[in-house]
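*Asks:* Supplied in structure tokens, the structure appears directly below.
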Amino acid sequence: MQKAYDILPPLLPEDFEALKTSVAERGVDVPIIVDQDGNVIDGYHRERACDELGMFCPREIRHFDNETDKLELILRLNCRRRQLNRKQKRSVIEAYLLRDPQIADNFLAEIIGGISKNTVAAVRGELEGTCQIDKFDVLRGRDGKQRPVQYKKIVANTAKEVDAAMKAIGDLPDKWAGKTIDVTTAKRQAARERNAAERHERMKLTVPLTEDDIRLYHCRFQELESVATIKPNSVQLICTDIPYDQSFLPQVEELGQLASRVLVDGGILVTYSGQFWLHKVMEALGESLTYRWTNAVVRNDDATPVHVGGWKEPSARVISRWKPIVVFSKGGFPRKGQWHDVIHVGAKEKHWHPWQQQLSAIKKLVVDFSDPGDLVIDPCGGSFTAALACVQENRRFIGCDVEEKNVAAGQERLRLNKELYIHLTDADDLTRPLSDGKVFDEWKRWEGVSDELAGHILRDQPDEVRRLLDNGLPPAA
């Protein structure tokens, strides 16, 4: 028997054994459904349980006019009955869209239940971006046809209400199309839609359009060009944090040479540097690039003792509260506008890597020295904070690290950040209350992450998303 319609995730082994025990004791309560060609539409697990028990499984044969009727029935019968979690629902969305890509986002969200059309749209975008499905201008609504335009209508009973309705009508969300509402409801819904639109505009794009937009590699930076197929003169910004010890100094000149090959004319290299070998770093980069400026990252919470004379002279030391970031360019310096050369940061964040830098500082460098859509590379990925900054600021990213564990941790960090963002914004779109923390706790259970790790992921989220929880956390570092 074909399993062309088995689009839901399989039962867990313990759940299947419980079903099999029930069938053995009570028989099959609900017959499986097969189409006119004998294909199982609903009841794969019941059929398998009966096969293993040597029992006949009752069948209900139905005639279906088309394939979409079968797929929609599968979802309606199973999604709520199975109580799928969010990750499972996303896999169902993907499996469904691969078979029926012309279904409207809101219609598919309604059939599955417990998700918003934004989740469907996000999955659709990933499939379109990887050319797994075509992009359609017309999608099929609930009635099976292209739905006609439905107008949003507000009833106004006074001249004052007319003015309020005129201001609100343009901001009403699409879900009110075809409905007539009062002015008070319209104002409330319009304000909510404006706030959501402003939030998304500030964040620009938090989820990459395709998986190829953000790429992490396990290799030495000297191999990154060939491994990642980076073309000459194709990168707008190199944003990194090189090792500060003396042993890395011979590679700094190679980093400058890499920058001179891959940066566009006027492209920028910015890198953190320790103070002790700063003069050597600048000298090495200056062999291939043009020095432009030195920024300072200033810590507000603590200071680091630095032995000025080296470890052989422990009496000579300075209590340092800042770290230099050198700015070099390839050729001219065409960027317009201005930037502030002092960045204040809060508490250290070292969960992902001992040398991890604050996300807020890296995001400022990315925004100051590149534009949305630009390609940014980080040859010394470490915690891959630059990758996360590029995700949140709508830049493409290629990075690498010599330690495989760092690359794996970076990939997990990006995945968890993406999943939490989708979970929180989905819940917000579905008007679920967020301030009591239940939605966040739900995500922690589904992902199986500790409270400590969940806290780090939450601190990585854009402030606009963090504020949805209103949980009193300090601003992101």
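*Asks:* In whole percent, how big is the carbon plus sulfur part of the accessible area of segment 351-401, probe 1.4 Å, protein atoms only?
*Replies:* On the way: 660 of 1220 Å².
That fraction is 54 percent.
*Asks:* Please work out how much length the chain gains when fully extended from ALA408 to GLN222, using 0.36 nm per residue of separation minus the C-alpha to C-alpha distance, in nm with one decimal. Mind dumping the intermediate values first?
*Replies:* Working: separation 186, 0.36 × 186 = 66.96 nm, distance 1.98 nm.
Gain on stretching ALA408 to GLN222: 65.0 nm.
*Asks:* Order 448-456, 251-259 from most to least packed using the mean count of other Cβ atoms within 10 Å.
*Replies:* Details: 448-456: 12.9, 251-259: 19.9.
Going by the mean number of other Cβ atoms within 10 Å, highest first, we get 251-259, 448-456.
*Asks:* Tell me the Rg and the Dmax, in Å, that the Cα atoms of the chain produce.
*Replies:* 27.7, 88
*Asks:* Once R0 is set to 35 Å, what does the formula 1/(1 + (r/R0)^6) return for the Cβ-Cβ distance between LEU249 and ARG445, expressed as a FRET efficiency to the nearest 0.05?
*Replies:* Working: r = 48 Å, r/R0 = 1.36.
The pair LEU249/ARG445 has a calculated efficiency of 0.15.
*Asks:* Step through the residues of segment 342-355 one at a time and calculate ³J(HN,Hα) from phi using the Karplus curve (6.51 cos²θ - 1.76 cosθ + 1.60, θ = phi - 60°), rounding each to whole Hz and writing x for Gly and Pro.
*Replies:* 10, 10, 8, 10, x, 4, 5, 10, 10, 5, 8, 6, x, 9
*Asks:* Next question, about the same structure. Under the 0.36 nm per residue contour assumption, what length would be gained going from the current alpha-carbon distance of ILE230 and GLU60 to full extension? Can you show the working numbers first?
*Replies:* Working: separation 170, 0.36 × 170 = 61.20 nm, distance 5.72 nm.
Working it through step by step, the gained length comes to 55.5 nm.
*Asks:* Only residues of segment 367-393 count here: report those whose backbone N is under 17 Å from the spot 7 Å along Cα→Cβ of ARG215, or say none.
*Replies:* Those under the cut-off are 373-381, 387-388, 390-391.
*Asks:* In Å², what does the accessible area per residue of the chain work out to with a 1.4 Å probe? Display every interim value, and only then the final one.
*Replies:* On the way: 24470 Å² over 477 residues.
Roughly 51 Å² per residue, with all protein chains present.
*Asks:* Between GLN257 and ASN157, 0.36 nm times their residue separation minus their Cα-Cα distance comes to what? It would help to have the intermediate numbers written out before the result.
*Replies:* Numbers: separation 100, 0.36 × 100 = 36.00 nm, distance 7.14 nm.
Gain in length upon complete extension: 28.9 nm.
*Asks:* What is the distance, in nm, between label points placed 7 Å from the Cα along the Cα-to-Cβ direction at LEU453 and at VAL342?
*Replies:* 4.0 nm
The values are calculated or read from the model by the stated rules, or taken from the named source; none is laboratory data. What you are looking at is a predicted structure, and each value in this text was computed from that prediction instead of being measured. Please note: Cβ atoms are built from the backbone with ideal geometry, for glycine as well, and neighbour counts cover all protein chains shown. For the accessible areas, the whole protein counts, side chains as well, though only heavy atoms, and no ligand, DNA or RNA atoms are used. Shrake-Rupley method; radii C 1.70, N 1.55, O 1.52, S 1.80 Å.
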